[in-house]
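What follows draws every value from the coordinates through simple rules; no lab data is involved. Values in this document were obtained by computation on a predicted structure and should not be read as measured data. Methodologically, a virtual Cβ is constructed for each residue, glycine included, from the backbone with ideal geometry; neighbour enumeration extends over all protein chains shown.
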Amino acid sequence: MSTITSGNKGRTDIAGASNRTVATIKDDARFSKIQTVTIAAAGGVKHLTGSLAGTSGFIVKTAGTGVITATDGGDISTSDVTAKELYEIGVQKISGSCTVHVVY
């Protein structure tokens with residue numbers, strides 16, 4: 001319920017709906033976001049740019065024929081890494097056929 005009060009200079013304050021505060025969520029984790037990228041067809045490409053930029057690592061779920069390109073260049077095949085293990089390498093794009101969890 002809102003409360004309306006008037007100050008001595010004619011100011012009106014409405015406490016309640018207009019004075020709500022955003023819930024504070026604190027996080028100590030090293031990573032705070034996960035984006036799952038699934039490419040079903042060979043030859044598909046997912047560029048991690050714009051709002052998807054700034055990756056901190058990846059976890060390969062299904063290797064398939066996927067290729068991961070690092071942020072500053074260089075490629076690694078998803079079949080060359082151990083599935084379900086975190087690799088702290090920034091990702092620029094993912095291509096081929098695979099499922100990769102990208103962490104931020």
**Prompt:** Based on the Cβ-Cβ distance of Lys61 and Arg30, what FRET efficiency does E = 1/(1 + (r/R0)^6) give at R0 = 25 Å, to the nearest 0.05?
**Reply:** 0.80
**Asked** Where does each of 56-67, 91-102 land if you order them by average Cβ count within 10 Å, highest first?
**Response** 91-102, 56-67
**Message:** Starting from 0.36 nm per residue, how many nanometres of slack lie between Tyr87 and Thr71 once their C-alpha separation is accounted for?
**Reply:** 4.4 nm
**Complete:** Phi angles of the range 60-67, converted by Karplus (6.51 cos²θ - 1.76 cosθ + 1.60, θ = phi - 60°) into ³J(HN,Hα) in whole Hz with x for Gly and Pro, give 7, 8, 10, 6, x, 10, x, 9
**Request:** May I ask for the equivalent-ellipsoid semi-axes of the range 47-104, computed as the square root of five times each C-alpha gyration tensor eigenvalue and listed largest first in whole Å?
**Result:** 16, 12, 10
**Prompt:** Which ³J(HN,Hα) values, rounded to whole Hz and listed in residue order, are derived for the range 76-93 from phi using the Karplus coefficients 6.51, -1.76 and 1.60 in 6.51 cos²θ - 1.76 cosθ + 1.60 with θ = phi - 60°, glycine and proline given as x?
**Reply:** 9, 6, 5, 6, 8, 10, 7, 4, 6, 10, 7, 10, 7, 10, x, 10, 8, 7
**Phi-based couplings in Hz for the range 94-104 (Karplus 6.51, -1.76, 1.60; Gly and Pro marked x)** = 10, 9, x, 10, 5, 10, 10, 8, 9, 10, 10
**Prompt:** Gain in length, Ala23 to His101, computed as 0.36 nm per residue apart minus the alpha-carbon separation, to one decimal in nm?
**Reply:** 25.3 nm
**Message:** If the reach is capped at under 22 angstrom between alpha carbons, list the lysines near Lys46, excluding any in the same chain fewer than eight residues apart.
**Reply:** Lys33, Lys61, Lys84, Lys93
